[in-house]
1. Through the Karplus equation 6.51 cos²θ - 1.76 cosθ + 1.60, θ set to phi - 60°, convert the phi angles of the stretch 73-90 into ³J(HN,Hα) values in whole Hz; use x for Gly and Pro.
2. Which value at 222 nm does the chain reach when only helices count, each DSSP H run of 4 or more adding -39,500 (n - 2.57), with the total divided by all residues and rounded to the nearest 500 deg cm²/dmol?
3. So which of Lys122/Lys144; Lys9/Lys122; Lys93/Lys144; Lys42/Lys144; Lys85/Lys122; Lys9/Lys85 end up more than 20 Å apart, counting from Cα to Cα?
4. With the dipole of the stretch 1-65 worked out from charges on the C-beta (+1 for Lys and Arg, -1 for Asp and Glu) around the Cα centre, which of Gly34, Phe45, Val20 lies farthest toward the positive end?
5. Students often check this: by mean Cβ neighbours within 10 Å, which of 18-26, 106-114 ranks highest, and how do the rest follow?
6. Assuming 0.36 nm per residue, please report the length gained on full extension of the stretch Ser88 to Glu53 beyond their Cα-Cα distance.
7. So what does log10 I(q)/I(0) come out to for the stretch 49-154 at q = 0.19 Å⁻¹, using the Debye formula with one equal point on every Cα and no solvent?
8. For the chain, modelled as a GNM with alpha-carbon contacts under 10 angstrom, which of Thr140, Thr131, Thr11 fluctuates the most?
Amino acid sequence: MNILGLPQKQTKENIELLNVLLSNFQVYYQNLRGLHWNIRGKRFFELHVKFEELYNQAQLRIDEIAERVLTLGGTPFHTFDDYLKNNSLKVAKDITNDEEAVEVIVKSLASLLTIEREILEKAGEINDEGTNSMMSDLITEQEKDIWMMQAFLG
């Protein structure tokens, strides 16, 4: 057991999964920045503001995930090389169309949810309530974001 009363081996595995989530969140964040900068069209003002809200939110989540890795005794990934090696999200390059941009966000959030649910399950197996709570909050937040984005798409 570690100082938090969690089994070391499973905690190490959860740290690895959290680092995968961190990597994916970093790519999601950068995608949101690019979408924010490059969006064009009649919905520019609406989406420009929304994308900024989402990347600010993602930036906070990135910090929370990294701090959870540290709390569990690990080292959070912090290089672009690590992020790209451990990322599964599509890199959104030169997207200016409103619906295409929102679809990228929906697909990214769905991929993040898959990782978060895996972490939630594994953290639950070892009674890691801190990680469980974080994943539950992320899942709830992102499910709502997906619903809102799908409502936008009609």
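Bear in mind these aren't lab numbers, they're just calculated from the coordinates by the rules spelled out. No experiment lies behind these values; they were computed from the predicted model shown. Please note: Cβ atoms are built from the backbone with ideal geometry, for glycine as well, and neighbour counts cover all protein chains shown.
1. With the stated coefficients, the stretch 73-90 comes to x, x, 10, x, 4, 8, 10, 4, 4, 4, 4, 5, 5, 10, 9, 10, 7, 5 Hz.
2. -27000 deg cm²/dmol
3. Over 20 Å apart, Cα to Cα: Lys122/Lys144; Lys93/Lys144; Lys42/Lys144; Lys85/Lys122; Lys9/Lys85.
4. Phe45
5. Numbers: 18-26: 23.4, 106-114: 17.7.
With the highest mean Cβ count within 10 Å placed first, the list reads 18-26, 106-114.
6. The span from Ser88 to Glu53 would gain 10.3 nm if fully extended.
7. Log10 of I(q)/I(0), two decimals: -1.12.
8. Largest GNM mean-square fluctuation: Thr140.
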